[in-house]
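The values are calculated or read from the model by the stated rules, or taken from the named source; none is laboratory data. Every value quoted in this text rests on a predicted model; they were computed, and no experiment measured them. Cβ placement follows ideal geometry from the backbone for every residue including glycine, while neighbour counts extend to all protein chains displayed. Each accessible area value is taken on the protein alone, full model and side chains, heavy atoms only, with ligands, DNA and RNA left out. Shrake-Rupley method; radii C 1.70, N 1.55, O 1.52, S 1.80 Å.
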Amino acid sequence: MKIRALILFITCFSLVVFHVSCSRKRSIHRKGRLIWRSRVLTWTFRDPQRLVHNTAHSKAIRDVTRKVFKKWAAILRGRLLFVEVAEDDLDQVEENIMDKRGRNYRKPWWVDIDIVFARGDHGDGEAFDGPGGTVAHSAYPPLGIVHLDADELWTLRENGNRVNLETVLLHEIGHVLGLHHLKDPDSIMNVYYRNLRHGATLSKVDEKAIRKLYHLTNK
Ligand SMILES: [Zn+2]
Ligand SMILES: [Zn+2]
């Protein structure tokens with residue numbers, strides 16, 4: 001029972017009805033799976049509801065997100081390059097992406113991958129459920145969104161009672177790049193979040209899967 005309590009279920013969108021102005025041209029089909037067409041993808045971390053306590057936390061979240069993109073980039077052999085868009089650059093145009101209720105979850109058109117913390121009902125028809133249960137959701141190319149449930153007990157360290165942000169981001173970015181769930185227990189794309197079993201690492205299984213998806217297998 002103790003082990004069961006540590007297993008959290010990560011549910012993720014397969015399709016999101018989301019007011020994103022995205023073009024189909026941003027992605028291409030690869031055997032029924034969508035992948036990113038362009039080589040350079042921009043990403044940002046935003047906190048529209050001010051759910052992150054302070055700027056030190058915001059910085060730490062950006063640091064860990066950068067690390068996650070580096071891990072995926074490293075096994076993609078240059079096929080994708082991830083470019084960070086700083087928060088300062090976003091502020092100048094923030095008012096343009098607010099919805100009527102003042103919650104700007106609409107993805108800014110100038111970034112490919114938008115990562116935000118959200119709480120409960122946040123306007124995309126997939127309300128978060130408070131602590132436990134769903135910890136995050138994301139969407140396949142070309143939507144490029146990751147929403148993290150702000151009600152989880154997140155941590156940037158290894159802590160069995162909390163949800164490790166790096167592990168969850170690695171999983172969700174996997175979806176953002178086009179990967180579906182994998183059954184292999186060593187894969188970061190396993191549907192279950194197993195706290196600290198392998199830490200935040202991409203396994204050989206993940207490496208093989210992403211390279212196959214992006215035509216990199218035999219290079
Ligand atoms: Zn998932
Ligand atoms: Zn959402």
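List of remarks:
- Residue 39-residue 129 FRET efficiency (beta carbon distance; Förster radius 35 Å; 0.05 resolution): 0.40
- Ordering 138, 203 by accessible surface, largest first, gives 203, 138; the 1.4 Å probe counts only protein heavy atoms, with every chain in place.
- Förster-model FRET efficiency, 25 Å R0, residue 81 and residue 50, C-beta, rounded to 0.05: 0.25
- For the residue pairs 183/208; 71/107; 59/204, the C-alpha atoms sit more than 22 angstrom apart in 71/107; 59/204.
- Subtracting the Cα-Cα distance of residue 207 and residue 109 from 0.36 nm times their residue separation leaves 32.3 nm of extension gain.
- Order of exposure, largest accessible area first, which applies to 171, 57 with probe 1.4 Å: 57, 171
- Efficiency of FRET from Cβ geometry, residue 191 and residue 57, R₀ 35 Å, rounded to 0.05: 0.80
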